[in-house]
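Visitor: To start, I am sharing the structure in question, which I have written as structure tokens.
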Amino acid sequence: MQGRSVLVTGAAGSIGSELCRQLLTFEPRELHMIDNNESGLHDLSIELAEVSPDTVLKLWIGNIADERRVDAI
């Protein structure tokens with residue numbers, strides 16, 4: 001994962017947020033997080049930014065069932 005761009009869907013949920021936390025230990029270049037819970041994503045990004053300041057965090061509001069939105073991301 002080191003130096004790569006990683007995407008996590010459902011990132012604000014309990015499993016998705018834990019995946020994000022664990023992924024940061026592998027030092028990805030970018031961590032893209034998709035969820036339909038805007039405030040949950042925001043809270044998670046604040047937490048994760050302190051843990052790994054070198055990883056670029058990208059937040060995406062949307063539902064993975066929305067094919068057009070996923071294609072745009």
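Visitor: Scan segment 51-60 for residues that are at pLDDT 90 or above and open to solvent by 70 Å² or more (accessible area, probe 1.4 Å) and jot them down. Explain how you work it out, then say what you get.
Guide: Narrowing segment 51-60 to residues at pLDDT 90 or above: 54-60.
Within segment 51-60, D54, K58, L59 qualify.
Visitor: Check I64 against each of (1) more than 11 Å from A12 (Cβ to Cβ); (2) assigned to a strand (DSSP E or B); (3) open to solvent by 50 Å² or more (accessible area, probe 1.4 Å) and name the one condition it does not meet.
Guide: Among (1) more than 11 Å from A12 (Cβ to Cβ); (2) assigned to a strand (DSSP E or B); (3) open to solvent by 50 Å² or more (accessible area, probe 1.4 Å), the lone unmet condition for I64 is (2).
Visitor: Name every residue in segment 24-41 that is farther than 24 Å from Q2 by Cβ and hydroxyl-bearing (S, T, Y), in order of residue number.
Guide: Hit for segment 24-41 is S39, nothing else.
Visitor: All but one of (1) within 15 Å of T9 (Cα to Cα); (2) open to solvent by 60 Å² or more (accessible area, probe 1.4 Å) hold for E30; state the number of the condition that does not hold.
Guide: (2)
Visitor: Scan segment 1-30 and report the pairs whose first residue is more than 16 Å from E50 (Cα to Cα) and whose second residue is open to solvent by 70 Å² or more (accessible area, probe 1.4 Å) and among the aromatic types (F, W, Y), with Cβ atoms within less than 7 Å and a gap of 6+ or a chain change.
Guide: Close Cβ pairs satisfying both conditions: M1/F26; Q2/F26.
Visitor: Here's another thing I want to ask about it. Please go through segment 1-36 and give me each residue that is in a loop (DSSP other than H, G, I, E, B) and either aliphatic (A, V, I, L, M) or at positive phi (or both), ordered by number. Break it down into steps so the answer makes sense when it comes.
Guide: Looking only at segment 1-36, we keep the residues that are in a loop (DSSP other than H, G, I, E, B), and these are 1-4, 10-13, 25-29, 36.
Result: M1, G3, G10, A11, A12, E27.
The values are calculated or read from the model by the stated rules, or taken from the named source; none is laboratory data. Being a predicted model, the structure only gives us computed values, none of them experimental. We place every Cβ from the backbone using ideal geometry, glycine too, and count neighbours over all the protein chains shown. Surface areas here come from the heavy atoms of the whole protein model, side chains and all, with no ligands, DNA or RNA. Shrake-Rupley method; radii C 1.70, N 1.55, O 1.52, S 1.80 Å.
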